[in-house]
Structure formats: structure tokens, C-alpha cells
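Remarks on the structure that follows.
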Amino acid sequence: SCSHQAPGKGQPDIELRLTEAGSPLIRYQGRIDRRIPGEAAFDWPASGLEIRFTGTAVGLVFEDSGDNDFTAWIDGREQPRITAVKGENRLILAARLKPGEHTLRFAKSTESYQGITRIRGILLEPEATLLPVPERALRIHVFGDSYSAGYGTVAPALDTGWHREHADACHAWPFLLAEALDADLTVTAASGRGVGMLPV
């Protein structure tokens, strides 16, 4: 089961410990700022992380602008969309997994202008461990505009106008291509701007 609520609002009562974001066993994808020890920051769409872990529960701690949404996959299964709150987000993403090895992938659905996300760490049970994530043979870097950033990819119809919940970089063509090729992905794209107007 999953819970994507603000701290203190219905989270399962589970004892979890924090593994800091600087752990070499956390595999990040996208344009990641690692200049601050114990933190991994990003704002470009489709940026995120991937881990392998043991245990029956997993969560994340991150700081956010409050204007971002995310997609998570537990053991390859896409979970309900996550809406961040402003400030600290302490989320339990899975709480009743079968004992054994599992995977978590977490990626930003929204665009860079909606603010920075700062990963503080992974939450695992005290006896659980992180495991190495296998390296991928391919790496893809996409520069582009709204087509690459995910504008309107989950809209119910054409010409609905901009709505935060209708944009999802995790359903845009770069993400789908990287999934099909089992490649690492970096997306440098912004709606209405394109390659020639992107910042260096």
C-alpha cells in the first residue's frame, strides 16, 4: 500500500531509519546538483533516483517548493501520482511489501520552473539494506521544449490549456524511449522555450 500525504496525516506507524542522500548505493538520473553534502537537488523534468533494497517498507525525505508532482514505481509498478507540499516531505511509499529484495524508482513529473527538489534521504526499516543498482549500457540526453518536457501528456483531451496535473515528463517520449532501451535519461527541456533558448 502507498501513502503520499503530508507528515502527520495518516502515515502508517512504522519504524524507519534514514539513509542520507549521499549514499553511493542511491543511483540518480538527470541533472543532479551534488554540491551540498548529504543532499541531491534537481529541478529538470524526469530527474530522480533509483534504488534496490531489502525489507517490507520504503520511504523518502525531501524538501520541495510545493509546486511539484512526482511518479514512483515499486518493483516496476507505477504508483499513484505524488503531490509535494512546501517544505519537508516525509513519505512512506510502500509499507506492506513481501520480505525480500525490491526496487524503487522516483522521478519528477513537473517542469523545472516549478521549483527545486532536494532529496535528503531514503527511509528503510532498521534491518533493511540498500543494494547496488546495475549500471545501464546506454545514456540518453534530450534537449527540447514542451514535447520533451511532458506538457499535456496526461491531459484528458486536446486544447485543455495548461494544468499542472495534465503534465507528466514520465509519460513523454524521452522517458518512454529510455525505458524501451533500458537507458539512463537526462532531460533538459522547457515548455515554450526549446533548445535555442535553454540556459547553459
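The values are calculated or read from the model by the stated rules, or taken from the named source; none is laboratory data. Note that this is a predicted model, so its numbers are computed, not measured. We place every Cβ from the backbone using ideal geometry, glycine too, and count neighbours over all the protein chains shown. For accessibility, only protein heavy atoms count, side chains too; no ligands or nucleic acids. Shrake-Rupley method; radii C 1.70, N 1.55, O 1.52, S 1.80 Å.
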Would a scan of segment 62-83 turn up a residue that is crowded, with 21+ Cβ neighbours inside 10 Å, modelled with pLDDT of 95 or more and more than 22 Å from Ser112 (Cβ to Cβ)? no
Report the residue count in segment 177-200 for those that are among the hydrophobic types (A, V, I, L, M, F, W, C), at pLDDT 95 or above and surrounded by fewer than 21 Cβ atoms within 10 Å (Cβ to Cβ). 4
Residue satisfying condition, being open to solvent by 10 Å² or more (accessible area, probe 1.4 Å), under 27 Å from Pro174 (Cα atoms), touching a strand residue (DSSP E or B) at 6+ places or on another chain (Cβ under 7 Å) and in a loop (DSSP other than H, G, I, E, B), within set Arg105, Arg136: Arg136
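Residue-by-condition table, conditions (1) under 22 Å from Glu15 (Cα atoms); (2) acidic (Asp, Glu); (3) free of Cβ contacts under 8 Å to residues at least 12 places away in the same chain:
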residue	(1), (2), (3)
Glu39	no, yes, no
Leu49	no, no, no
Val61	yes, no, no
Asn68	no, no, no
Thr71	no, no, no
Ile74	yes, no, no
Given (1) at pLDDT 95 or above; (2) open to solvent by 40 Å² or more (accessible area, probe 1.4 Å), Val58 misses just (2)
Are any residues in segment 138-153 modelled with pLDDT of 95 or more and over 19 Å from the mean Cα position of the chain (by Cα), and if so, which ones? Leu138
